[in-house]
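Asker: Got a structure here, written out as C-alpha coordinates. Questions coming.
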(Lines give C-alpha, C1' and ligand atoms only; values in the text may rest on other atoms or scores of the structure.)
Protein backbone atom coordinates (compact mmCIF):
# COMPACT_ATOMS: atom_id res chain seq x y z
CA UNK A 1 0.00 0.00 0.00
CA UNK A 2 1.32 3.46 -0.88
CA UNK A 3 2.66 5.75 1.83
CA UNK A 4 0.89 8.69 0.18
CA UNK A 5 -2.16 9.34 2.43
CA UNK A 6 -4.23 10.53 -0.52
CA UNK A 7 -3.99 7.11 -2.19
CA UNK A 8 -4.99 5.08 0.88
CA UNK A 9 -8.54 3.82 1.34
CA UNK A 10 -10.77 6.23 3.27
CA UNK A 11 -10.95 3.84 6.22
CA UNK A 12 -7.17 3.83 6.52
CA UNK A 13 -7.08 7.64 6.36
CA UNK A 14 -9.74 7.90 9.07
CA UNK A 15 -7.75 5.47 11.20
CA UNK A 16 -4.61 7.58 10.74
CA UNK A 17 -6.50 10.65 11.93
CA UNK A 18 -7.81 8.72 14.93
CA UNK A 19 -4.30 7.59 15.89
CA UNK A 20 -3.05 11.14 15.62
CA UNK A 21 -5.79 12.86 17.62
CA UNK A 22 -7.46 10.02 19.57
CA UNK A 23 -10.80 11.61 18.68
CA UNK A 24 -13.16 8.65 18.81
CA UNK A 25 -16.26 10.74 18.08
CA UNK A 26 -14.73 12.11 14.88
CA UNK A 27 -13.63 8.62 13.80
CA UNK A 28 -17.13 7.27 14.40
CA UNK A 29 -18.72 10.12 12.42
CA UNK A 30 -16.37 9.68 9.47
CA UNK A 31 -16.68 5.92 9.28
CA UNK A 32 -20.45 5.75 9.81
CA UNK A 33 -21.01 8.15 6.90
CA UNK A 34 -19.16 5.91 4.46
CA UNK A 35 -19.38 2.29 5.64
CA UNK A 36 -22.18 -0.05 6.62
CA UNK A 37 -21.72 -2.58 9.38
CA UNK A 38 -21.65 -5.35 6.79
CA UNK A 39 -18.88 -3.67 4.83
CA UNK A 40 -16.83 -3.19 7.99
CA UNK A 41 -17.27 -6.87 8.78
CA UNK A 42 -15.88 -7.78 5.37
CA UNK A 43 -12.99 -5.35 5.81
CA UNK A 44 -12.17 -7.01 9.13
CA UNK A 45 -10.83 -9.87 6.97
CA UNK A 46 -8.86 -7.64 4.59
CA UNK A 47 -5.34 -8.63 3.50
CA UNK A 48 -3.94 -5.45 5.03
CA UNK A 49 -3.44 -5.57 8.80
CA UNK A 50 -3.92 -1.79 8.93
CA UNK A 51 -7.35 -2.06 7.29
CA UNK A 52 -8.27 -4.91 9.64
CA UNK A 53 -7.24 -2.78 12.63
CA UNK A 54 -9.37 0.12 11.43
CA UNK A 55 -12.38 -2.08 10.65
CA UNK A 56 -12.23 -3.93 13.96
CA UNK A 57 -11.86 -0.62 15.82
CA UNK A 58 -14.91 0.76 14.01
CA UNK A 59 -16.95 -2.35 14.78
CA UNK A 60 -16.04 -2.05 18.45
CA UNK A 61 -17.35 1.52 18.45
CA UNK A 62 -20.35 1.07 16.18
CA UNK A 63 -21.27 -2.60 15.94
CA UNK A 64 -24.27 -4.29 17.48
CA UNK A 65 -24.35 -7.89 18.68
CA UNK A 66 -24.45 -9.08 15.06
CA UNK A 67 -20.69 -8.42 14.82
CA UNK A 68 -19.90 -10.73 17.75
CA UNK A 69 -18.69 -13.56 15.51
CA UNK A 70 -16.56 -11.22 13.38
CA UNK A 71 -14.81 -9.81 16.44
CA UNK A 72 -14.56 -13.28 17.94
CA UNK A 73 -12.67 -14.45 14.85
CA UNK A 74 -10.49 -11.32 14.97
CA UNK A 75 -9.25 -12.50 18.37
CA UNK A 76 -7.36 -15.13 16.36
CA UNK A 77 -5.80 -12.64 13.94
CA UNK A 78 -2.08 -12.98 13.15
CA UNK A 79 -1.65 -9.27 13.97
CA UNK A 80 -1.38 -8.66 17.72
CA UNK A 81 -2.86 -5.17 17.53
CA UNK A 82 -5.91 -6.46 15.68
CA UNK A 83 -6.36 -9.00 18.48
CA UNK A 84 -6.02 -6.34 21.17
CA UNK A 85 -8.51 -4.02 19.47
CA UNK A 86 -10.90 -6.94 18.98
CA UNK A 87 -10.78 -7.86 22.67
CA UNK A 88 -11.69 -4.32 23.73
CA UNK A 89 -14.40 -4.11 21.10
CA UNK A 90 -16.08 -7.44 21.70
CA UNK A 91 -16.49 -6.71 25.41
CA UNK A 92 -18.49 -3.61 24.45
CA UNK A 93 -20.55 -5.54 21.92
CA UNK A 94 -21.57 -8.05 24.59
CA UNK A 95 -23.47 -5.26 26.36
CA UNK A 96 -25.30 -4.12 23.21
CA UNK A 97 -28.23 -6.51 23.45
CA UNK A 98 -31.86 -6.05 24.38
CA UNK A 99 -33.88 -2.88 24.42
CA UNK A 100 -32.76 0.39 25.99
CA UNK A 101 -34.16 -0.47 29.43
CA UNK A 102 -32.54 -3.90 29.46
CA UNK A 103 -29.21 -2.39 28.47
CA UNK A 104 -29.46 0.14 31.28
CA UNK A 105 -30.21 -2.65 33.73
CA UNK A 106 -27.21 -4.62 32.49
CA UNK A 107 -25.09 -1.52 33.02
CA UNK A 108 -26.35 -1.26 36.59
CA UNK A 109 -25.43 -4.91 37.23
CA UNK A 110 -21.93 -4.37 35.87
CA UNK A 111 -21.48 -1.35 38.14
CA UNK A 112 -22.80 -3.27 41.15
CA UNK A 113 -20.18 -5.96 40.56
CA UNK A 114 -17.47 -3.35 40.11
CA UNK A 115 -18.41 -1.82 43.47
CA UNK A 116 -18.49 -5.30 45.09
CA UNK A 117 -22.23 -5.17 45.81
CA UNK A 118 -22.57 -8.79 44.80
CA UNK A 119 -25.89 -9.64 46.47
CA UNK A 120 -27.53 -6.68 44.76
CA UNK A 121 -25.96 -7.70 41.46
CA UNK A 122 -27.41 -11.20 41.77
CA UNK A 123 -30.88 -9.81 42.52
CA UNK A 124 -30.86 -7.44 39.57
CA UNK A 125 -29.38 -10.03 37.21
CA UNK A 126 -31.96 -12.62 38.24
CA UNK A 127 -34.76 -10.14 37.56
CA UNK A 128 -33.32 -9.33 34.15
CA UNK A 129 -32.80 -12.97 33.22
CA UNK A 130 -36.42 -13.82 34.03
CA UNK A 131 -37.47 -11.63 31.11
CA UNK A 132 -34.38 -11.87 28.90
CA UNK A 133 -32.74 -15.26 29.39
CA UNK A 134 -30.95 -14.82 26.05
CA UNK A 135 -28.66 -12.09 27.43
CA UNK A 136 -25.35 -13.90 27.76
CA UNK A 137 -23.65 -11.03 29.54
CA UNK A 138 -26.34 -11.00 32.24
CA UNK A 139 -25.52 -14.65 32.95
CA UNK A 140 -21.81 -13.81 32.99
CA UNK A 141 -22.29 -10.89 35.38
CA UNK A 142 -24.37 -13.03 37.72
CA UNK A 143 -21.63 -15.67 37.56
CA UNK A 144 -19.08 -13.04 38.61
CA UNK A 145 -21.21 -12.13 41.60
CA UNK A 146 -21.77 -15.75 42.59
CA UNK A 147 -18.06 -16.53 42.26
CA UNK A 148 -17.15 -13.54 44.40
CA UNK A 149 -19.47 -14.87 47.12
CA UNK A 150 -17.93 -18.34 46.78
CA UNK A 151 -21.13 -19.80 45.29
CA UNK A 152 -19.11 -21.94 42.91
CA UNK A 153 -21.84 -24.31 41.71
CA UNK A 154 -24.05 -21.34 40.84
CA UNK A 155 -21.17 -19.61 39.08
CA UNK A 156 -20.47 -22.76 37.03
CA UNK A 157 -24.10 -22.93 35.97
CA UNK A 158 -24.21 -19.28 34.94
CA UNK A 159 -20.93 -19.44 33.01
CA UNK A 160 -22.20 -22.47 31.12
CA UNK A 161 -25.39 -20.60 30.26
CA UNK A 162 -23.38 -17.62 28.99
CA UNK A 163 -21.27 -19.88 26.78
CA UNK A 164 -24.30 -21.74 25.47
CA UNK A 165 -25.70 -18.43 24.23
CA UNK A 166 -22.41 -16.84 23.19
CA UNK A 167 -19.73 -19.37 22.24
CA UNK A 168 -17.17 -16.55 21.80
CA UNK A 169 -17.44 -15.47 25.44
CA UNK A 170 -13.86 -16.15 26.51
CA UNK A 171 -14.42 -14.36 29.83
CA UNK A 172 -17.17 -16.80 30.76
CA UNK A 173 -14.91 -19.72 29.77
CA UNK A 174 -12.13 -18.35 31.97
CA UNK A 175 -14.60 -17.75 34.79
CA UNK A 176 -15.85 -21.31 34.42
CA UNK A 177 -12.30 -22.53 34.84
CA UNK A 178 -11.83 -20.48 37.99
CA UNK A 179 -15.10 -21.74 39.46
CA UNK A 180 -14.20 -25.36 38.73
CA UNK A 181 -10.75 -24.80 40.23
CA UNK A 182 -12.10 -23.27 43.43
CA UNK A 183 -14.72 -26.01 43.57
CA UNK A 184 -12.01 -28.68 43.61
CA UNK A 185 -12.25 -29.98 40.02
CA UNK A 186 -8.87 -29.27 38.38
CA UNK A 187 -9.54 -31.48 35.34
CA UNK A 188 -12.70 -29.57 34.41
CA UNK A 189 -10.89 -26.34 35.22
CA UNK A 190 -8.09 -27.19 32.79
CA UNK A 191 -10.58 -28.01 30.05
CA UNK A 192 -12.34 -24.68 30.57
CA UNK A 193 -9.11 -22.71 30.66
CA UNK A 194 -8.02 -24.35 27.42
CA UNK A 195 -11.34 -23.37 25.87
CA UNK A 196 -10.85 -19.76 26.98
CA UNK A 197 -7.32 -19.72 25.56
CA UNK A 198 -8.52 -21.17 22.28
CA UNK A 199 -11.06 -18.34 22.01
CA UNK A 200 -8.57 -15.67 23.03
CA UNK A 201 -4.91 -16.70 22.76
CA UNK A 202 -3.72 -13.50 24.48
CA UNK A 203 -5.13 -14.39 27.93
CA UNK A 204 -1.73 -14.70 29.58
CA UNK A 205 -3.06 -15.37 33.09
CA UNK A 206 -5.12 -18.23 31.67
CA UNK A 207 -2.06 -19.56 29.83
CA UNK A 208 -0.22 -19.69 33.16
CA UNK A 209 -3.10 -21.63 34.70
CA UNK A 210 -3.11 -24.10 31.82
CA UNK A 211 0.63 -24.76 32.23
CA UNK A 212 0.33 -25.09 36.01
CA UNK A 213 -2.66 -27.41 35.95
CA UNK A 214 -1.16 -29.53 33.17
CA UNK A 215 1.93 -30.13 35.30
CA UNK A 216 -0.15 -30.77 38.41
CA UNK A 217 -2.37 -33.35 36.72
CA UNK A 218 0.57 -35.10 35.03
CA UNK A 219 2.33 -35.43 38.39
CA UNK A 220 -0.63 -37.07 40.13
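The values are calculated or read from the model by the stated rules, or taken from the named source; none is laboratory data. This structure is a prediction, so every number in the text was calculated from the model and none was measured. In this analysis, Cβ positions are derived from the backbone assuming ideal geometry, glycine residues included, and neighbour counts consider all displayed protein chains.
Asker: Sort out which residues of the range 66-78 are in contact with a helix residue (DSSP H, G or I) (Cβ under 6 Å, 6 or more places away or on another chain) and in a loop (DSSP other than H, G, I, E, B), and write them in order of number.
Answerer: 75, 77
Asker: Residues 106, 81, 59: which one is in a helix (DSSP H, G or I), within 28 Å of residue 199 (Cα to Cα), within 18 Å of the chain's Cα centre (by Cα) and in the same structural domain as residue 118 (by TED's automatic domain parsing)?
Answerer: Residue meeting the stated conditions: 106.
Asker: From the residues in the range 84-102 that are in contact with a helix residue (DSSP H, G or I) (Cβ under 8 Å, 6 or more places away or on another chain) and part of a loop (DSSP other than H, G, I, E, B), which one is surrounded by the most Cβ atoms within 10 Å (Cβ to Cβ)?
Answerer: 94
Asker: Check residue 122 against each of (1) assigned to a helix (DSSP H, G or I); (2) assigned by TED's automatic domain parsing to the domain that holds residue 22; (3) touching a helix residue (DSSP H, G or I) at 6+ places or on another chain (Cβ under 6 Å) and name the one condition it does not meet.
Answerer: It is condition (2) that residue 122 fails.
Asker: For the condition over 19 Å from the mean Cα position of the chain (by Cα), at pLDDT 95 or above and assigned by TED's automatic domain parsing to the domain that holds residue 116, what is the one hit in 155, 132, 174, 143?
Answerer: That would be 132, the only listed residue that is over 19 Å from the mean Cα position of the chain (by Cα), at pLDDT 95 or above and assigned by TED's automatic domain parsing to the domain that holds residue 116.
Results for (1) surrounded by 23 or more Cβ atoms within 10 Å (Cβ to Cβ); (2) in contact (Cβ under 8 Å) with a residue 40 or more places away in the chain; (3) not in a helix (DSSP H, G or I), shown as yes or no for each residue.
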{"site": "172", "(1), (2), (3)": "yes, no, no"}
{"site": "176", "(1), (2), (3)": "yes, no, no"}
{"site": "188", "(1), (2), (3)": "no, no, no"}
{"site": "192", "(1), (2), (3)": "yes, no, no"}
{"site": "196", "(1), (2), (3)": "yes, no, no"}
{"site": "201", "(1), (2), (3)": "no, yes, yes"}
{"site": "210", "(1), (2), (3)": "no, no, no"}
